[in-house]
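Reading through the structure tokens given below for one structure.
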2 protein chains.
Amino acid sequence: MKPINVGIMGVGTVGGGTATVLKRNAEEISRRAGRAIVLKMAANLDIARAREIVGDGIEIVSDARVVATHPDIDIVIELIGGTGIAKDLVLTAIDHGKHVVTANKKLLAEHGNEIFARAREKGVMVAFEAAVAGGIPIIKALREGLAANHIEWIAGIINGTSNYILTEMREKGLPFADALAEAQRLGYAEADPTFDIEGHDAGHKLTIMAALAFGIPMQFDKCYLEGISTLTAQDIRYAEELGYRVKLLGITRRTAAGIELRVHPTLIPESVLIANVNGVMNAVLVKGDAVGPTLYYGAGAGALPTASAVVADIVDIARLATADPEHRVPYLAFQPDRIADLPLLPIEAVESSYYLRVCVIDKPGVLAELTHILADESISIEALIQKGSERDGQAEIVLLTHRVVERRVQSAIARIEALASVTDKVVRLRMEALNG
Amino acid sequence: MKPINVGIMGVGTVGGGTATVLKRNAEEISRRAGRAIVLKMAANLDIARAREIVGDGIEIVSDARVVATHPDIDIVIELIGGTGIAKDLVLTAIDHGKHVVTANKKLLAEHGNEIFARAREKGVMVAFEAAVAGGIPIIKALREGLAANHIEWIAGIINGTSNYILTEMREKGLPFADALAEAQRLGYAEADPTFDIEGHDAGHKLTIMAALAFGIPMQFDKCYLEGISTLTAQDIRYAEELGYRVKLLGITRRTAAGIELRVHPTLIPESVLIANVNGVMNAVLVKGDAVGPTLYYGAGAGALPTASAVVADIVDIARLATADPEHRVPYLAFQPDRIADLPLLPIEAVESSYYLRVCVIDKPGVLAELTHILADESISIEALIQKGSERDGQAEIVLLTHRVVERRVQSAIARIEALASVTDKVVRLRMEALNG
């Protein structure tokens, strides 16, 4: 059978990895795909740099439009990133009848609806396994492997940088800043780490998974984002004493009222498998009504793991390229005309358990004031410990609540912080049992 | 689009689960598949029992051949099990142009080559996600999600019964017989548990995964099987003291000399994620050259989890049914004309690390005799502890070796057992770091 010709737009880490995998495993990949996959062309502004990365025997151009529109190219691989030029190029490739593979989570989470609609019009495939959790085939699992299920919720460690920092903070008792500096030194965090540590990256990935799980449009603008930069080693230690680990989770859940879509540090019981996913590794826990909980674990970033996902998408397209477009697997797991408009819940309407740490003056009656407010807001307490404080004459009260809607907790915190005996802002973290 | 009609042969636990899932999630499944999936017919010798399980509105027949050959049926679901009548019926269904979904690991591991060849001739699909690790979409991951990789090895906890027994033995210090009795009481083990506890079931599943990973024919007859029935709580405790858990693993590995295919109790470091998979849960760890290690975890058995896999296969077939047979995903991940005939290694040629426990008379010089034999066989020792024995005047020597080919260990054990100071059979367990 005739080879499939692919062209890469944007030659960096993942582009280099893709070239390596296609070359090194060419024989094995063609035994699977039934045809050769040929990296025919690559586009990069810096041609010399791209040549160094992809090696000889591949045409390199500086204008990515050449790849997006070239008559010899069957599949265009977009590895430029961002939503500006990348979006234009992806739409151009689609308009020219090319299938597209992309690792660009931001592009899909923010403009996916438009891109998939255009692809549908033109009868081409858009595949994006590499956009979520790197090499872990979680897109395929959600879109195909779990297709029998009413998916109830997903909770994922989907940002390796943050997970590395949290692992260092726990294992070495480091403050956030030191763990971040260490991550930067090792190349696990960017010079400007905002995108990773404040939850944006995880939010993009979560938005894509929610669309696949529930058959809803991409709605990144409604995703709640809270990062890890204000977390203290002290709270991680207290959580540990109570039997919990703190992880930056992306959580999406279907409730009677609507869909939760939220990224935040979360206490989870140390006994659940995903609590033991450490360092830069990623894992996604999916709860389906039939299958129960399933977990998918692996490298969430890096040249070769991400290339593994890019090339799997190419093989999928090679296998399906001649099939009737109406019979292919739908982009977002659900048929485009069967997408639901379930409402997305604001964070105030989300139900969770909570970890609260309150700094108080150590005198009689303070605990009574606190527990009175919680009772008044119908918040019931699961556990409570009192800790000495480093500050003279003060104490810390750490408590875990049962499940309650977030607006009650917000109200309780405002009232607690107004108490004369409370000396600092209340620390509030969410907590999930992940067994429901 | 016209509905897909399915018929079930053999209505038991999984058949009931499949009927439940198809009914309960009908709306959501059709939103994904683009067409309704209708359970039209079921065959069972006991018609009244089948009626109780699948409910009204479905035609029930006693002769499964009616389902296998019925002109209205598009997909036949084989849930009879075993290799006798099930094989005849699957071949009959294929001959009648039906796509087949089966959960029958024994049938595929022992007769898969013949079945897939026939299916290819007739241009129909045979899907079997439910045959390995229940609801975990591991077949899809191996066949499609990891298609870019040169797969190096797989290690799986793929028999829930055995994992439950081992978990109980460890957590409660129970002897094997008591843990088995408890598993039987809870319905996790059959009255005759041989198939599960002696590794046959895991061997069937492993054989299927090896074929998918390496592009080799099914060769169950060359799979090495060693079960857990002779394991003692004492060895599990000693392993734990050394930082290891004992799991019944199915391991298949590609080496320069050939393919390893083996099921046996295995010591693995407690720090690896799969060591913390407990109870009846399953997990499969796959090492690919590009993606690195990935892990897939979930329920390996049960009505609804297995039905989740059966129905995912039906949806896959519904999506691909009209595609050109030459462009579908190959049954065993590799194109049928590109299957390799790599040799399968006998257990003597396998390389592993080992746990050895030797009962000796507690007197000077014994350890020297032992270590002399090991040195002479070029077996190097990683750790060694000496333990008091319950038997007067005796001691136990527990040692862990570095990696070495098994035939040297067999030879060393024979020589050790021949020593006058050695009072009992040597206990030999294999050990894997799972980080290679």
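PRE reach from B:His96 (point 7 Å along Cα→Cβ): which of region B:294-321 fall under 20 Å by backbone N?
Of the residues in region B:294-321, B:314, B:317-318, B:321 have backbone N under 20 Å from the label point off B:His96.
Can you run the Rg to Rh ratio on region A:142-299? Use alpha carbon positions and the Kirkwood inverse-distance Rh.
Checking Rg against Rh, the ratio lands at 0.98.
Report the residue, chosen from A:Arg357, A:Arg254, A:Arg407, that carries the largest GNM mean-square fluctuation when chain A is represented by alpha-carbon nodes joined by springs under 10 Å.
Residue with maximal mean-square fluctuation among A:Arg357, A:Arg254, A:Arg407: A:Arg407.
Measure nothing but the geometry: give the 0 to 90° angle between the long axis through the Cα atoms of B:406-417 and the longest principal axis through the Cα atoms of chain B, rounded to 10°.
Helix B:406-417 sits roughly 40 degrees off the main axis of chain B.
May I have the convex hull volume per residue, in Å³, for the Cα set of chain B?
141 Å³
In which sequence would B:Lys2, A:Lys106 go, from the one with the fewest C-beta neighbours within 10 Å to the one with the most?
B:Lys2, A:Lys106
Quick check for me: using +1 on Lys/Arg Cβ and -1 on Asp/Glu Cβ, what's the dipole size of region A:351-431 about its Cα centre, in debye to the nearest 20?
That gives region A:351-431 a dipole magnitude of about 180 debye.
Identify which of B:Ile347, B:Ile397, B:Ile385 has the largest mean-square fluctuation in a Gaussian network model of chain B, with springs joining Cα atoms closer than 10 Å.
B:Ile385
Net charge near A:Arg245: determine it from the other residues with C-beta under 14 Å of the C-beta of A:Arg245, scoring Lys and Arg +1 and Asp and Glu -1.
The answer is -3.
Length gain on complete extension for the stretch B:Ser411 to B:Thr83, per 0.36 nm per residue less the alpha carbon to alpha carbon distance?
Result: 114.3 nm gained on full extension.
Given N residues in region B:40-182, what is its alpha carbon radius of gyration divided by 2.2 N^0.38 Å?
Here the answer is 1.30, to two decimals.
From the cross-link list A:Lys106/B:Lys247; A:Lys205/B:Lys172; A:Lys247/A:Lys425, which pairs have alpha carbons spaced over 32 Å apart?
A:Lys106/B:Lys247; A:Lys205/B:Lys172
What residues qualify as long-range amide H neighbours of A:Ala127, i.e. H under 5 Å apart, gap of 5 or more or another chain, H built at 1.01 Å from N?
A:Val100, A:Val101, A:Thr102
Quick one: 3J(HN,Hα) in Hz for region A:321-337, Karplus 6.51/-1.76/1.60 with θ = phi - 60°, rounded, Gly and Pro as x.
Per residue, the Karplus-derived 3J(HN,Hα) values read 4, 8, 6, 4, x, 6, 10, 6, 5, x, 3, 10, 6, 9, 4, x, 8 Hz.
Can you compute the FRET efficiency between A:Ala383 and B:Glu182 using 1/(1 + (r/R0)^6), with r the Cβ-Cβ distance and R0 = 35 Å? Round to the nearest 0.05.
0.65
Please list, in order along region B:234-247, the HN-Hα scalar couplings obtained from phi with the Karplus expression 6.51 cos²θ - 1.76 cosθ + 1.60 (θ = phi - 60°), rounded to whole Hz, x for Gly and Pro.
So the Karplus estimates, Gly and Pro as x, are 4, 5, 4, 5, 4, 4, 4, 4, 8, x, 10, 10, 9, 10 Hz.
Given the pairs B:Lys122/B:Lys222; B:Lys105/B:Lys140; A:Lys105/A:Lys140; B:Lys23/B:Lys140, which span a C-alpha to C-alpha distance of over 19 angstrom in this model?
Over 19 Å Cα-Cα: B:Lys122/B:Lys222; B:Lys23/B:Lys140.
Roughly what would the spin-label model give for B:Glu52 and B:Arg391, points 7 Å off Cα along C-beta, in nm?
With each label point 7 Å from Cα toward Cβ, the separation is 5.2 nm.
Using the Cα gyration tensor of region B:348-431, with a ≥ b ≥ c the square roots of its eigenvalues, what is the shape: rounded (a/c below 1.5), prolate (a/b larger than b/c) or oblate (neither)?
It comes out prolate by the Cα gyration axes.
For A:Leu345, list long-range residues whose amide hydrogen, built 1.01 Å from N in the peptide plane, is under 5 Å from its own amide hydrogen.
Long-range HN contacts for A:Leu345: A:Ile259, A:Glu260, A:Leu261.
So, R0 is 30 Å and r is the distance between the beta-carbons of B:Arg65 and A:Asp337; what FRET efficiency does that work out to, to 0.05?
The value I calculate is 0.15.
Sequence gap at least 6, Cα distance under 8 Å: using those rules, report the relative contact order of chain B to the nearest whole percent.
For chain B, the relative contact order is 16 percent.
From the residues A:Gly279, A:Leu242, A:Pro293, which one has its Cα farthest along the dipole of region A:142-299 in the positive direction, the dipole being from +1 and -1 charges on Cβ of Lys/Arg and Asp/Glu about the Cα centre?
Of the options given, the answer is A:Pro293.
Count charges around B:Gly215 for me, please; just the other residues with Cβ under 12 Å from its Cβ, Lys/Arg as +1, Asp/Glu as -1.
+1
Tell me which residues come under 5 Å, amide H to amide H, from B:Ile60 once H is placed; ignore anything under 5 positions away on its chain.
B:Ala42
Calculate the FRET efficiency for B:Glu270 and B:Lys222 from the Cβ-Cβ distance with a Förster distance of 30 Å, rounded to the nearest 0.05.
That gives a FRET efficiency of 0.45.
Using a ≥ b ≥ c from the Cα gyration tensor of the protein assembly as shown (square roots of the eigenvalues), is it rounded, prolate or oblate, where a/c under 1.5 gives rounded and otherwise the larger of a/b and b/c decides, a/b for prolate?
Cα axes put the protein assembly as shown in the rounded bin.
Considering chain A as a Gaussian network with a 10 Å cut-off on Cα pairs, which listed residue, A:Gly123, A:Gly135, A:Gly388, attains the greatest mean-square fluctuation?
A:Gly388
Applying the Karplus parametrisation 6.51 cos²θ - 1.76 cosθ + 1.60 with θ = phi - 60° to the phi angles of region A:201-213, what ³J(HN,Hα) value in whole Hz is obtained for each residue in order, glycine and proline being reported as x?
Rounded to whole hertz, the list is 4, 4, x, 4, 5, 5, 4, 5, 5, 5, 4, 5, 6.
Picking from B:Leu400, B:Leu434, B:Val422, whose Cα lies most toward the positive end of the charge dipole for region B:379-436 (charges on Cβ: Lys, Arg +1; Asp, Glu -1)?
The listed residue farthest towards the positive side: B:Leu434.
Bear in mind that the values in this text are calculations on the coordinates, not laboratory data. Everything quoted here is computed from the prediction, not taken from an experiment. Cβ coordinates were reconstructed from backbone atoms using ideal geometry, including for glycine residues, and neighbour counts include every protein chain displayed.
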